[in-house]
1. Tell me, yes or no, whether region 72-91 has at least one residue that is in contact with an Asp or Glu (Cβ under 6 Å, 6 or more places away or on another chain) and not charged (D, E, K, R).
2. Touching a residue at least 40 places away in the same chain (Cβ under 8 Å) and not β-branched (Val, Ile, Thr), is that true of Lys260?
3. Taking only region 247-280 into account, find how many residues are within 21 Å of the chain's Cα centre (by Cα), in a loop (DSSP other than H, G, I, E, B) and surrounded by 22 or more Cβ atoms within 10 Å (Cβ to Cβ).
4. Which members of region 109-132 meet the condition of being among the hydroxyl-bearing types (Ser, Thr, Tyr) and either over 22 Å from Gly163 (Cβ atoms) or touching a His at 6+ places or on another chain (Cβ under 6 Å) (or both)?
5. Hey, Arg127 hits all of (1) surrounded by fewer than 21 Cβ atoms within 10 Å (Cβ to Cβ); (2) touching a strand residue (DSSP E or B) at 6+ places or on another chain (Cβ under 8 Å); (3) not in a helix (DSSP H, G or I); (4) not polar (S, T, N, Q) but one; which does it fall short on?
6. Please go through region 213-246 and give me each residue that is outside any helix (DSSP H, G or I) and of a type in the set (D, E, K, R), ordered by number.
7. Mind checking which residues of region 205-246 are polar (S, T, N, Q) and either closer than 19 Å to Ala265 by Cα or open to solvent by less than 10 Å² (accessible area, probe 1.4 Å) (or both)?
8. How many of the residues making up region 83-104 are open to solvent by 20 Å² or more (accessible area, probe 1.4 Å), closer than 29 Å to His279 by Cβ and not β-branched (Val, Ile, Thr)?
Amino acid sequence: MTLSRELAQALDDLLTRAFAEDGEDITSLAVFGPAARVAAKIVCREEAVVAGAAFLPRVFAFLSPPAAVKVLVPDGALVKKGTVLAAVEGPAITVLAAERTALNLVQRLSGIATKTHEYVRALQGTRAVLLDTRKTTPSLRLFERHAVRCGGGANHRFGLSHGFLVKDNHADGAGSVWEATRRAADFRELNPRLSRHLLEAEARTLDEVHQALDAGAERILLDNMPVPLIRRSVGDIRLFCEAVGRRVTVEASGGMTPAKARAAAKAGVDFVSAGALTHSARAVDIALEVDARHPMRSRRGHRAPAARPSFRSKKRRAGP
């Protein structure tokens, strides 16, 4: 996988900060010295959907001297327990210094992809699309949304400036869903650069659904509604669209489990969004296993220096 410029730049920024947190690996330097080389493999210890393996070559090449990585499994693949995701070879001080940062990233992203896959499977046979939310780890949103795509999901608006979403706080502050949505619609009309931004409004009741429709919402987010109310809301929205010739899509959200997501999808919504994809995903068990049998040689083929003798004092023989 070739990284986009956006992902590559974000990854370099993340690695700069991550390696600065750790500093120099003085233990590996003391034990192996600068010339020793090792071979290792990155192994997935449970069934999972892989995400972040595509970042590994850049992670291990970021430090100097760089290590080389051969990615064996593409992002988005469903793998079994024991699958080798990548092979690593290079200076011991680099491989071991990059180990934790690499694993933290791939474990986290694979956990998100695996959880997303669980929801996607629950939606099979329906027309609903699974979306993520802005409930991401600060500074990791770009990577976590990549993981959602690896798991088969799709991305919601990336940030606050990428779309209008009138939520309960806006409605309560403005006095009603209608008033808040109308203000957002007017603001978009006055700013041509925002003309392509989606206008979405959150509704907690059937009355708020009707308010959002009247105010011009292009998508309505049904928030924490029980399934019977979701079904009724979808019916009213479809009737409204037929009557006025507009297209309004429907999204369901709020405490979505795979089972609830499927129920909402079967009630007729176009999208299901779940914050749990990113805020509650469990990290996958992935490890770096160093091949201890690999000869630790320098690039020129010389063996690494032998270990220094122990400094423990020896008992001297008594004199003659």
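The values are calculated or read from the model by the stated rules, or taken from the named source; none is laboratory data. All figures in this text were calculated on a predicted structure; none of them were measured in a lab. When we count neighbours, we look across all protein chains shown, and the Cβ atoms used for this are built from the backbone with ideal geometry, even at glycine. SASA here: full protein model, heavy atoms, side chains in, ligands and nucleic acids out. Shrake-Rupley method; radii C 1.70, N 1.55, O 1.52, S 1.80 Å.
1. Initially, region 72-91 is screened for residues in contact with an Asp or Glu (Cβ under 6 Å, 6 or more places away or on another chain), giving 80-81.
Then keep just the ones that are not charged (D, E, K, R); that gives none.
No, there is no match, as no residue in region 72-91 is in contact with an Asp or Glu (Cβ under 6 Å, 6 or more places away or on another chain) and not charged (D, E, K, R).
2. No, not satisfied.
3. Matching residues across region 247-280 total 2.
4. If the condition is that a residue be among the hydroxyl-bearing types (Ser, Thr, Tyr) and either over 22 Å from Gly163 (Cβ atoms) or touching a His at 6+ places or on another chain (Cβ under 6 Å) (or both), then Ser110, Thr114, Thr126 are the ones that fit.
5. (2)
6. Of everything in region 213-246, those that are outside any helix (DSSP H, G or I) and of a type in the set (D, E, K, R) turn out to be Glu218, Arg219, Asp223, Arg246.
7. Of everything in region 205-246, those that are polar (S, T, N, Q) and either closer than 19 Å to Ala265 by Cα or open to solvent by less than 10 Å² (accessible area, probe 1.4 Å) (or both) turn out to be Thr205, Asn224, Ser233.
8. 3
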